[in-house]
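In what follows, a structure is listed as C-alpha cells, so that the remarks can point back to it.
Every number here is computed from the coordinates shown, using simple stated rules; none is lab data. For clarity, every value in this text was computed on a predicted model and none was experimentally measured. All Cβ positions, even for glycine, are placed from backbone atoms using ideal geometry, and neighbour counts span all protein chains on display.
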Amino acid sequence: MQRWLWTAAIGLALAAMPARAGAQAKADIDGGKLLFQGMCAECHGAGGAGGDAPPLNRPRLQHAPTDAALVNILQNGIPNTAMPRVRRFSESETRQLVAYIRSVGKLSDAKVPGDVKKGADMYRSLGCASCHIVGGQGGNLGPDLTDIGFMRGPAYLRQAIVDPGAALPKGVLQVPSRGYAEYLPLRIVTKQGGEVRGIRVNEDTFSIQVRDQAGKFYSLRKADLELLEKQTGKSLMPSFSTRLTPAELTDLVAYLASLQGEP
Amino acid sequence: MKTIIRVMLLAGLAAPATTFAQVPYDRIVKAESEPANWLTYAGSYKSQRYTQLDQINKQNVTQLKPAWVYQLRTGGVFETSPVVVDGVMYMTEPPSTVTAIDVRTGRPLWSWTPKIPDDVIVIGSPPVNRGVAVLDNMVYAGSIAGHLAALDAKSGALRWDVAVDDNKIGYYLTLAPLAIDGKIIVGVSGAENGIRGFVDAYDAKTGKRVWRRHTIPAPGEPGNETWGGKDSWKTGGGSTWLTGSYDPELKLLYWQVGNPGPDWNGDFRQGDNLYTCSVLAINPDDGSLKWTFQFTPHDTHDWDANETVVLFDATINGRSRKLLTQANRNGFYYVLDRATGEFITGTPFVKQTWAEGLDAKGRPITKPGLDPNPEGILVYPSIQGAANWHAPSYSPKTGLFYQTAVEMGTIYYKGEAVYKPGIGFTAGGGRTINGDDAWSAVRALEATTGKLKWEFKLLSAGRSSLLSTAGGLVFGGTEEGNFFALDADTGKPLWDTQLGANIRGIPVSFGVDGKQYVAIAAGFALFVYGLP
C-alpha cells in the first residue's frame, strides 16, 4: 500500500511540476540516459529501440500512457511480465528516467524501413505460418507472432530471422518461469535408449516436459534419462540468412514490426 | 440409538486429549529430549533444525503420503516455520496472523490477526511472518506493523501488545521471536528504510521492555568511529530480522545483524560500519556485548549477516570446542568459537568474485573496483545472497551442515542516497542474472571445515529451507514446487512430490499418537506428510 501511495505522490509531484527550464530538462534527460543505459538498455535496446523487450521510441506506451503510469512501472515493474522493478529510485532519479524515456518517445524515427505488403507475401511464401500463429491462424510449434511488432524491436526481429538460436525469447511467459529461455531445443536419451528431440515446455528439479516437432508431448523423470542436452544457442527454426536478399529481409522485418496485436 | 450414543461416548473418551501449551523454559532448554514436539523456531536453541525422530527413514520415505493440508484464506508469501506443542501446531499466516491447528486433523482451533494499518511500511522484504515463540501458556508473535503480541495459548486471546518501534519510519517484524528464561527476544526489519537496528528483550509476562541493544554504536560508544564521523550511524540500518540462537550454559544469546544503509552506496558511511553484517554475542540479562564478529565490513552489496547461526560442539585439532557456524550471504561459510568469538576457519561455499579469501582473523581480503556503480557491475553472489533467510540444518549424526547455496550473480547499481523517513533508503539495487544461468544446490559441508561432502543441484536459484533427521534424511523444497527428501549421507534423492507452487516454507517434524510427520508450507497452503 505504502508503495502505491509513494508512487501516487511522485506522480502528482510530476504532474504538478511546471515546465522546467531547458537546462534542467537537458540535465534530466542526460542523467536519465545514463541510468537507462545501465539498467534498461539490455532488454529495451540502446536508445529504447527495442530488443528482448518492447521498443520505447514511440509516442504512446501501452502500459505507460501517462507519466504517473510510467513512474508506477519504474517503482513496481509490470506484474506477470518480464518487466521487473530493477531497483528503488530517488525522486530525482525517477524524474530523470521519465524525462529520458519521454525524450526517446518523441524522436519518432521509429518507422521501420521496408515494404509491409511485400513482407507479408514473403511470410506466406516461406511457410512461416506452418510454425507460427498470427491472428489465430497458423501452426503452434513456435511463438505466436500476433503482437510481435509490439513486443520486440526491429533489430531483434532481424536477428531472430537470421540467427534464431541467438535470440530465444526469455522469460515473458509464466512457463517455464521468468528469465528462462523459451523454445529451448533439447536432445534427450532415456536409459532405455530412446531419443527425444523437441523443445522444453517446462522443467523442474526432478522432471522435464518436452514437445517434439510433431507436437507430441513427453513427460520425463530426470532420473530415467541417460542424457539431457540443453542446446543453448540453437533453435528448431532454421536460419533464413541465405534464403533472403537484404531487401526481402527488410520487408519481412517491416511486416513483423507491423504486427501490433489484435485491436 | 442407545448403542450409537454409547459408542460415541466411548470414542470420545478414548480420543487422545490435547493439552494446550504448558512450556516452561526448561522444556525448551531440553527440546531435543522430546522430539515429538518442535518447541522453538529452529527446533532447539542450537538452531540445528534436526529431529531425533527416525520413524520416517531412508527405507520407507518413498511411502510418504499427505496427512492433511491447511489452506490460507488469503494469499501471500508463506514462509512459516511452525511450532508444535503436545498435539497443537502454532503457525503464522502472511502477513501477521497466528493460527493454532489440531495436528491430528488440520482443523484450526483459533486464529488471531492484529490490526495492520493500510499505510503500513514494509520495504526490504515481502510482508511475511516466519513463526511464533511459545513460553509457559503464551504464544508470541511479531507483526509487520512493528508490534510484538502475547496471546493466550488456549484461546488466542490477546494478553499484551507492545509497539517495538515506529512503523512510520520503517520498523517492522517478520521473525519468530525467541523465548528464553522469562524473556522474549526480538529483532526488527527495516534496514532499507534507514532505521537504526536493535535487539530487544521483553518481560514475557508483562511485555515491559527489559533492555535494548542497538546494533550501531552512538557517538562516544566504541565502534561509532567506523561510520565516517557524520550522522550516517543514525540511518545505518543493521536490522536484526531473523531469529537468533542461544547457549543456556554459556548464557549467551547470539543475534545476527543485517546490512548497513543505504545498501548500495557506501559514500556517506566510510569505514567498517560496525556492527552491521556481524554476529553479536549478548548477555541476556542486560543486553551487554560479550563479543562481536563482523563478516562483511563496509558492505555495499546487501550481503547482510542475518542468516541463522547454528551451534554445535566438536573436536578441532584435538581440542573440544563450542562452535557457532554460519553460511553467510556473502558466499563464505564461517566457523567461530562461540565462547570467545575467535575465528577458526572460513571458506567459500558458492562462486564468489568479490574476495581473494579471508585473512587469519576472518576479515575478507576484498578485490578492488567491485562496488556498485551507476552503469552496473556484475558480482557474485547475487543481491539475494548465497544464503538468506532460508534455514540451514546440522545433523549431529552425520556431522554435516546442510545449506541451500544460491549460484547466481547480480549486476549491481549505485544510486543517489536521499534519506526521508519512511521512504526506501537503498541508493541503488541490482538486476539478477536468473533463469537458465542461475541455480541452487543443497550442499552438505563438513561442519567443522566447510569442506564440500556432496551436493544436490536444484533447477533454479531457489531458497530451500532444510530439515535433517535421525532417519538419515534431508527435507527441502524447490521454487517449482518439488517437496523432496535426500539421503543425508550421500545427497541421493530418495523421494519427491509436487506441491503445485513455490515452496517458501521452512520444514519441521513432529510426532503425534506414535507417528512422525513432516510439515512444510508451499504456495498458499501448509502440507503435512506422514507414513500411511
With angles folded into 0 to 90 degrees, how steeply does helix B:2-14 sit against the dominant principal axis of chain B? Use alpha carbons for both and round to 10.
40
Degrees between helix A:246-258 axis and first principal axis of chain A (Cα, 0 to 90, nearest 10)
70
Considering only the other residues whose Cβ falls under 12 Å of the Cβ of residue A:67, what net charge follows from Lys and Arg at +1 and Asp and Glu at -1?
+2
With label points set 7 Å from each Cα along the Cα-to-Cβ direction at residue A:150 and residue A:118, the distance between them in nm comes to 2.8
Base-10 log of normalised Debye intensity for region A:185-230 (one unit scatterer per alpha-carbon) at q = 0.16 Å⁻¹:
-0.33
Over region B:296-354, what relative contact order in percent results from Cα pairs under 8 Å that are six or more residues apart?
24
Three-way shape call for chain A based on the alpha-carbon gyration tensor, with the a/c threshold at 1.5:
oblate
For the peptides B:151-160, B:37-46, B:276-285, what is the packing order when you average, over each peptide's residues, the other Cβ atoms within 10 Å and list the highest mean first?
B:37-46, B:276-285, B:151-160
For the protein assembly as shown, how big is Rg over Rh, using alpha carbon atoms and the Kirkwood form of Rh?
0.99
Rank the residues A:63, A:44 as a footprinting-exposure proxy: fewest other Cβ atoms within 10 Å of their Cβ go first.
A:63, A:44
Could you order the peptides B:299-312, B:69-82 from most to least packed, using the average number of other C-beta atoms within 10 Å per residue?
B:299-312, B:69-82
For region B:18-530: rounded, prolate or oblate by the Cα gyration tensor [a/c cutoff 1.5]
rounded
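Would you please classify the overall shape of region B:412-465 from the alpha carbon gyration tensor, given that a ≥ b ≥ c denote the square roots of the eigenvalues, rounded means a/c under 1.5, and beyond that prolate means a/b larger than b/c while oblate covers the rest?
Working: a/c = 3.37, a/b = 2.11, b/c = 1.59.
The shape class here is prolate.
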What value, in deg cm²/dmol to 500, does the helix sum -39500 (n - 2.57) over DSSP H runs of n ≥ 4 give at 222 nm once divided by the residues of chain B?
-1000 deg cm²/dmol
Within region B:314-410, DSSP-loop trypsin sites (Lys or Arg not before Pro) with at most 16 other C-beta atoms within 10 Å are B:351, B:361, B:397
How far is it, in nm, from the label point at residue A:159 to the one at residue A:242 when both lie 7 Å from their Cα along the line to the Cβ?
2.3
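Report the local net charge at residue B:409: Lys and Arg +1, Asp and Glu -1, summed over other residues whose C-beta lies under 12 Å from its C-beta.
Overall, the nearby charge balance is 0.
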Förster radius 56 Å - calculated FRET efficiency between residue A:85 and residue B:313, Cβ distance, rounded to 0.05
0.80
State, to one decimal in nm, how far the label point of residue B:203 lies from the label point of residue B:107, with both points 7 Å from Cα in the Cβ direction.
4.0
Local net charge near residue B:379, Cβ-Cβ under 15 Å (Lys/Arg +1, Asp/Glu -1):
-2
Take every Cα pair under 8 Å in region B:18-530 that's 6+ residues apart, average their separations, divide by the length, and report that relative contact order as a whole percent.
14
For peptide A:176-187, compute the average count of partner chain beta-carbon atoms within 10 Å of each residue's beta-carbon.
3
